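Enquirer: Before I ask anything, let me first share the structure, which is written out below as structure tokens.
Where a number appears in this text, it was derived from the coordinates with a stated rule and is not lab data. Bear in mind the structure is a predicted one, so any value in this text is a computation, not a measurement. Here Cβ is always computed from backbone atoms with ideal geometry, including for glycine, and neighbour counts include all displayed protein chains.
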Amino acid sequence: MRSIDVREVTGQVARMVVEANIGLPRDVFAALRKARENEDNPSGREILGQLLENARLAREMNLPLCQDTGLAVFFVEMGQECRLRGDLYQAINDGVSQGYAQGYLRKSVCNPLSRKNTGDNTPASIHLDLVPGDRLKIRFMPKGGGSENMSGLAMLTPSHGLEGVKEFVLQRVAVAGPNPCPPGIIGIGIGGSFDQAPLLAKKALFRSLDDIHQDQEVRDLEAELFESVNSLGIGPMGMGGKTTCLGLKIETAPCHIASLPVAVNIQCHAARHKEVSL
Amino acid sequence: MSQEIKLSTPFQEEDVLKLRTGDKVLLSGRIYAARDAAHKRLLQDLDQGMEAPFNLQGAVLYYVGPTPAPPGRVIGSAGPTTSSRMDAYTPRMHVLGIKATIGKGRRSEEVRRVLREQKAVYLGATGGAGALLSRCITGSRVLAYQDLDTEAIRELEVQDFPLLVVNDAYGGELYATARL
């Protein structure tokens, strides 16, 4: 059985939290550039130009793209034939603590009642899946508060149907308007239970913008909703125009015959993520 | 027709009155960084008869919680945060003399009414452009609430800080309404 020392996890996490916050992923940069070419609204185009310039400067100045360096969200896939030496959760949190200090990242985590800052951006939000194989895959996303606040869950019922799902998604994005820093990525979870749907929505945000869903029905719904969202006219930073989202990704799971949960997780244009496989 | 205006702080009433929704503003001078926790504590302190840590008359507030300054820089990444979270405090801030706030996103009906009544403006900076905007900040020092860390009140020196007038003192609104 393959064995991994969790100290290696700590080192990798400390490195990836810094890199993720500074370098805009290639797919997001390309999508912003394409959006600028296609945007008709001059103010919207100017904003998109600033975002591309910001991404370039962040790398050049070695500064975070955005001051909101997020709540640290991890999706970890652990091979069932991989054995860990040490505490995985502690190792990830140690990596977050080290990376956020060494990388001059903002500490944005606090006690929900007293509002006292924990001081090192821990604890991270860690989701662990057991998978076949002997690898350990760690995916990280610093999730900003502004876009997270605009996300929502609806416990629809079967009679609402697909139309109800579409209506809820569009209504969430419309209500959010300029607040979550459009054009971002819309992550949608359909099905599962009250707890599963938002997790599916968040997982959807980890997919690359050019990733194609295997299920044709989901693929068609993604394409349709992508068009509908971009017809809302919110535009870059709410200035109007046809670029309200850069991508829209859906994940589904079977649900109870009485239920139709839908979750919408909004991601801003600084759609940062990073992954490492050990 | 929107215009590009260079302005310096503190604001006088006539500065505010010449601004119209859609105008570009290049702002220079001292502005004050304050977000959620600083607003709450400042108003509590004022209630208890304490003095504000800076002169509120004509002052400009920036809703920002910057990343720590790396060696050799005055500040880290420093873009605007979502303004609506400050809506609960903003009317009182304007009554106390604040003439402009800087953030991103939509303001409440009440805030927009108070802007008209108190002759004040709401200015938008580009959200998520923290590295770009940090280059217009030439000085930063903590004035109060150091224990709040990124949420402390800071005095920032800015030079040609690029802004758009979102809500002017005449009821204007810059943001597009979504077509549902």
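Enquirer: Going by the alpha-carbon gyration tensor, a ≥ b ≥ c the square roots of its eigenvalues, is chain A rounded (a/c under 1.5) or, if a/c is not under 1.5, prolate (a/b greater than b/c) versus oblate?
Expert: Oblate.
Enquirer: Within 10 Å of each Cβ in A:101-107, how many Cβ atoms from other chains are there, averaged over the peptide?
Expert: Mean number of neighbouring Cβ atoms from other chains: 4.
Enquirer: What does the charge count near A:Arg2 come to, summing +1 for each Lys or Arg and -1 for each Asp or Glu among other residues with Cβ under 9 Å from its Cβ?
Expert: 0
Enquirer: A follow-up question, please. Which of the three applies to segment B:15-157, rounded, prolate or oblate, going by the alpha-carbon gyration tensor with a ≥ b ≥ c and a/c under 1.5 meaning rounded?
Expert: Judged from the Cα gyration tensor, segment B:15-157 comes out oblate (a/c at least 1.5, b/c at or above a/b).
Enquirer: Set the Förster radius R0 to 30 Å, insert the Cβ-Cβ distance between A:Ser3 and A:Ser208 as r into 1/(1 + (r/R0)^6), and round the FRET efficiency to 0.05.
Expert: Efficiency for this residue pair is about 0.45.
Enquirer: I'd like the FRET efficiency for B:Asp45 and B:Ile5, computed as 1/(1 + (r/R0)^6) with the beta carbon distance as r and R0 of 41 Å, rounded to 0.05.
Expert: 0.75
Enquirer: Let me ask something else about it. Return the sequence-ordered ³J(HN,Hα) values of segment A:255-265 in whole Hz as given by the Karplus equation 6.51 cos²θ - 1.76 cosθ + 1.60 applied to θ = phi - 60°, using x for Gly and Pro.
Expert: In residue order, the calculated couplings are 10, 5, 4, 8, 10, 8, x, 9, 10, 10, 10 Hz.
Enquirer: Quick one: putting +1 on the C-beta of Lys and Arg, -1 on the C-beta of Asp and Glu, what dipole do you get for chain A around its Cα centre, in Debye to the nearest 20?
Expert: Here chain A has a charge dipole of around 800 debye.
Enquirer: State which stretch of chain B is the longest one without any exposed GluC sites (Glu not before Pro), exposure meaning a DSSP loop state and at most 16 other Cβ atoms within 10 Å.
Expert: Longest run free of exposed loop sites: B:52-172.
Enquirer: Would you work out the charge dipole size for segment B:4-167 about its Cα centre, treating the Cβ of every Lys and Arg as +1 and the Cβ of every Asp and Glu as -1, and quote it to the nearest 20 debye?
Expert: 440
Enquirer: Taking the Cα centre of segment A:146-272 as the origin, how large is its charge dipole in debye, to the nearest 20, when only Lys and Arg (+1) and Asp and Glu (-1) carry charge on their Cβ atoms?
Expert: Dipole about the Cα centre, nearest 20: 380 debye.
Enquirer: Just subtract the alpha-carbon distance of A:Ser259 and A:Ala30 from 0.36 nm times their residue separation and send over the number in nm, one decimal.
Expert: Gain on stretching A:Ser259 to A:Ala30: 78.6 nm.
Enquirer: Then there's this: Can you pick out the pairs among A:Lys203/A:Lys242; A:Lys274/B:Lys104; B:Lys24/B:Lys119; A:Lys242/B:Lys104 whose Cα atoms lie more than 21 Å from each other?
Expert: A:Lys203/A:Lys242; A:Lys274/B:Lys104
Enquirer: Are there trypsin sites (Lys or Arg not before Pro) in segment A:79-120 that DSSP puts in a loop and that have at most 14 other Cβ atoms within 10 Å, and which ones?
Expert: A:Arg115, A:Lys116
Enquirer: Give the whole-number value, in cubic angstrom per residue, of the convex hull volume spanned by the C-alpha atoms of segment A:146-272.
Expert: Residue-normalised Cα hull volume stands at 89 Å³.
Enquirer: For the pair B:Leu180 and B:Glu13, what calculated FRET efficiency results from E = 1/(1 + (r/R0)^6), where r is the Cβ-Cβ distance and R0 = 41 Å, to the nearest 0.05?
Expert: That pair, B:Glu13 with B:Leu180, gives E of 0.60.
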